[in-house]
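Asks: Please read through the structure below; I'll follow up with questions.
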Amino acid sequence: MKPRTQEPAGGVYVGESQLLLAWKRLRRDRVAMFGLALVALLSLVAIFAPWIAPYDPITDYNLRNRLQAPSKDHWLGTDASGRDVFSRIVYGARISLTVGFASRIVTLILGLGLGALAGYYAGTWVDMVIMRLSEIIDALPSLFVAIAIAVAVGPGIYTVFFALGFVGWADMCRLIRGQVLTIREQQFVEAARAIGCSTPRIVFRHILPQVLAPVIVTVTMGVAGAIMAETALSFLGLGAQPPTPTWGSMMNYARQYIYTAPHLVFAPGVAILLTVYAFNLLGDGLRDAMDPRAKK
Amino acid sequence: MSLYFIRRLLLVVPVLFGVSLFTFILFFIVPGDPVLSVVGERASPETVARIRAELGLDKPLPVQYITWVGKALQGDLGRSFLNQRSITESIQARFPVTLRLALFSLSIAIVLGIPAGVWAAVHKGTWIDGALRNVSLIGVCTPVIFQGLALQYIFGVWLKWLPVSGIGDGSWYHYLLPAVVLGTNIAAYQARLSRAVMLEVLEQDYIRTARAKGLGQRVVVFKHALRNAMIPIVTALGGSLGSLLVGSALTEIIFALPGIGSYTLDAVFARDLPVVMGAFLFQAVVFVGVNVLLDGAYVLIDPRVRYD
């Protein structure tokens, strides 16, 4: 390998070059790149849904045309109101991916903020309070908590962002706390404090960038988990409300037609499977690429 | 060691306290009056006031909460708003269903998952490893709802081999489909985890030593490697057991099983606060209890683990 531009002595720009190295490792991982391509494809489907879907997912219904098997006109058949299932799946991707990312942003804000606080003030009452709160959240099954929040706040897409974001913060918080605990003992933090940096500056500017690699992996895996959980919530009627198409609610309505129109169950099921699979492939690849101990 | 467990159990108390407080607060920020959901919107103001007093909802919130905690400590979780049934008795009646499903599922997961992981690790890089990795990843990515409905269709509707829902007379084959759904799901996680842990262990020096002194593959893999890989595997199994014992709400709903999961879920939807609080407390106790037992199990698996 021929040497690139001159690196500053001592690897000062560790944060950047580590990410670049990880990206190079990731590009050589064919399975992970397949996952990334699939994620990109699904994102494009979600963004350009109105151009891809042959019919309108809500207004193009025709009761004389209901519960049809897949055909040339309707690639995945029609549902109980005669709506095109393929179009509804395409639009459903919007909800799933939006929930996947938006709920992770909530988790990230809560987990990063509280985790950094607990780690930086480890051993004080701030740390104590945050860790006890995370234990309470952990003592309850997360799906039930998300459901209880969704019922308390009232169903809807924003509720799902918040409910799913909220149940994930404890794990994220502990991850960040552990990382911060090791990093804050290092000399560059002491140096930053010595030259008079404020506490928020030390935490956000010097410590958190070091935590980026495990956070990226956790968030990618978390998107997959959130998409799965969104399916559960909208299956129970707590997600985006009808007539908005979501994969979970489509499976819920399909239940009663399982004898006559099983394709109504299989179409959204396979869509979820594929999406979660894509994020998992990418997450696995990212973990290998970002692990500093990873072998070449 | 017993001192460790006593301290551990004492630490559980504030967590359970927090769980009940969290549930209580959550349900008092809910818009709408719980009494109206019991008597209906058209009840007269007198009826509403009478029911409110009967349910103890006319007292200040802190008093309501403390009364509830006092009774819960004596094992009385109160009565349902909706049908006045004793919550402790309902949980007693429904827990066996969840327990049977949990043990059945966990056995499937152990029998399929761990051997698959070990097998893949031993044959790392071969087609066996590739195939097992793909199958287990797909297993991890399959939503329980989809798997449940698909199995109902294949075995119940299409082949007509197995009952699709309910527990009927309670015989084992009513639990088979739901247990397969949950069991294969956990098995997929187990396989991925066991493979990763086994790969790490198989690279250790003492494995090379064991091979060098001429021990057979079987002894090296099962006696030397697997035994040392057991701690993370058992931790994950314990986590699965914990979440199975609190009731797998989705599976119980799809297969119409009267377990703890569907009990909790119905109560959450009906905003039946006493049931939700009781069920959440029960779930937290089970969850935390499994974790404490797990700490004990480590001592049996790994003689190096000691609690002082």
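The values are calculated or read from the model by the stated rules, or taken from the named source; none is laboratory data. This one's a predicted model, so the numbers in the text were calculated from it and none came from an experiment. Don't worry about glycine lacking a Cβ; one is built from the backbone with ideal geometry, like all the others, and counts go over all protein chains shown.
Asks: Criterion first (more than 11 Å from chain A (Cβ to nearest Cβ) and in a loop (DSSP other than H, G, I, E, B)) does B:Val305 satisfy it? Talk me through it step by step, then tell me what you get.
Replies: Working: more than 11 Å from chain A (Cβ to nearest Cβ): yes; in a loop (DSSP other than H, G, I, E, B): yes.
Criteria met by B:Val305.
Asks: Quick test for you: out of A:Asp73, A:Asp138, A:Asp60, A:Asp84, pick the one residue that is farther than 20 Å from A:Val217 by Cα, more than 14 Å from every other protein chain (Cβ to nearest Cβ), in contact with a Phe, Trp or Tyr (Cβ under 9 Å, 6 or more places away or on another chain) and among the acidic types (Asp, Glu).
Replies: Values: A:Asp73 fails: in contact with a Phe, Trp or Tyr (Cβ under 9 Å, 6 or more places away or on another chain); A:Asp138 fails: more than 14 Å from every other protein chain (Cβ to nearest Cβ); A:Asp60 fails: in contact with a Phe, Trp or Tyr (Cβ under 9 Å, 6 or more places away or on another chain).
Just a single option satisfies the conditions, and that option is A:Asp84.
Asks: What's the total number of residues in region B:241-254 that are of a type in the set (Ser, Thr, Tyr) and either surrounded by fewer than 24 Cβ atoms within 10 Å (Cβ to Cβ) or without any contact (Cβ under 8 Å) to a residue 40 or more places away in the chain (or both)?
Replies: Here is the first cut: in region B:241-254, the ones of a type in the set (Ser, Thr, Tyr) are B:243, B:248, B:251.
If we keep only those that are either surrounded by fewer than 24 Cβ atoms within 10 Å (Cβ to Cβ) or without any contact (Cβ under 8 Å) to a residue 40 or more places away in the chain (or both) too, we end up with B:243.
Here the count works out to 1.
Asks: Now, a different point. Which of the residues that make up region A:145-158 are within 14 Å of chain B (Cβ to nearest Cβ), modelled with pLDDT of 85 or more and either at positive phi or under 16 Å from the mean Cα position of the chain (by Cα) (or both)?
Replies: The answer is A:Ala146, A:Gly156.
Asks: On to the next question. Determine which single condition A:Gly123 fails, assuming it passes every other condition in (1) within 13 Å of chain B (Cβ to nearest Cβ); (2) assigned to a loop (DSSP other than H, G, I, E, B); (3) surrounded by fewer than 20 Cβ atoms within 10 Å (Cβ to Cβ); (4) not β-branched (Val, Ile, Thr).
Replies: (1)
Asks: On to the next question. For region B:118-173, how many residues are in a loop (DSSP other than H, G, I, E, B), in contact (Cβ under 8 Å) with a residue 40 or more places away in the chain, among the aliphatic types (A, V, I, L, M) and more than 10 Å from chain A (Cβ to nearest Cβ)?
Replies: 1
Asks: Sticking with this one: Only residues that are modelled with pLDDT of 80 or more and small (Gly, Ala, Ser): list them for region B:251-308, please.
Replies: Matches in region B:251-308: B:Ala256, B:Gly259, B:Gly261, B:Ser262, B:Ala267, B:Ala270, B:Gly278, B:Ala279, B:Ala284, B:Gly289, B:Ala297.
Asks: Can you find a residue in region B:55-64 that is modelled with pLDDT under 85 and within 26 Å of B:Phe287 (Cβ to Cβ)?
Replies: yes
Asks: Also, I was wondering about something else. Could you pull out the residue among A:Phe86, A:Phe101 that is in a helix (DSSP H, G or I), under 31 Å from the mean Cα position of the chain (by Cα) and surrounded by fewer than 17 Cβ atoms within 10 Å (Cβ to Cβ)?
Replies: Working: A:Phe86 fails: surrounded by fewer than 17 Cβ atoms within 10 Å (Cβ to Cβ).
One residue alone meets the criteria, A:Phe101.
Asks: What about A:Tyr55, is it under 27 Å from the mean Cα position of the chain (by Cα) and among the aromatic types (Phe, Trp, Tyr)? It would help to see each step written out before you state the result.
Replies: Values: under 27 Å from the mean Cα position of the chain (by Cα): no; among the aromatic types (Phe, Trp, Tyr): yes.
Criteria not met by A:Tyr55.
Asks: From the residues in region B:65-92 that are in a loop (DSSP other than H, G, I, E, B), of a type in the set (Gly, Ala, Ser) and surrounded by 11 or more Cβ atoms within 10 Å (Cβ to Cβ), which one is modelled with the lowest pLDDT?
Replies: Of region B:65-92, the ones in a loop (DSSP other than H, G, I, E, B) are B:74-78, B:80-85.
Then keep just the ones that are of a type in the set (Gly, Ala, Ser); that gives B:75, B:78, B:80.
From what is left, the residues that are surrounded by 11 or more Cβ atoms within 10 Å (Cβ to Cβ) are B:78, B:80.
Details: B:Gly78: 82, B:Ser80: 85.
Checked region B:65-92; the qualifying residue modelled with the lowest pLDDT is B:Gly78.
Asks: Another one. Say whether the condition of being buried (at least 18 other Cβ atoms within 10 Å of the Cβ) and under 25 Å from B:Ala93 (Cβ atoms) is met by at least one residue in region B:183-198. Steps first, please.
Replies: Taking region B:183-198 as the starting set, the residues that turn out to be buried (at least 18 other Cβ atoms within 10 Å of the Cβ) are B:183-195, B:197-198.
Of the ones still in play, those that are also under 25 Å from B:Ala93 (Cβ atoms) are B:183.
Yes, region B:183-198 contains at least one residue that is buried (at least 18 other Cβ atoms within 10 Å of the Cβ) and under 25 Å from B:Ala93 (Cβ atoms).
Asks: Select the helices (runs of 4 or more DSSP H) contained entirely in region B:221-293, then report the ones holding at least 2 residues which are more than 12 Å from every other protein chain (Cβ to nearest Cβ) and over 22 Å from B:Leu77 (Cα atoms). Don't jump to the end; show me each part of the working.
Replies: Values: elements: B:227-245, B:249-254, B:260-270.
Result: B:227-245.
Asks: Looking at (1) in a helix (DSSP H, G or I); (2) under 24 Å from A:Pro209 (Cβ atoms), which is the only condition A:Ser96 fails?
Replies: (2)
Asks: Among the candidates A:Thr275, A:Thr246, single out the residue that is at pLDDT 90 or above and more than 10 Å from chain B (Cβ to nearest Cβ). Steps first, please.
Replies: On the way: A:Thr275 fails: more than 10 Å from chain B (Cβ to nearest Cβ).
None of the other options fit; the residue is A:Thr246.
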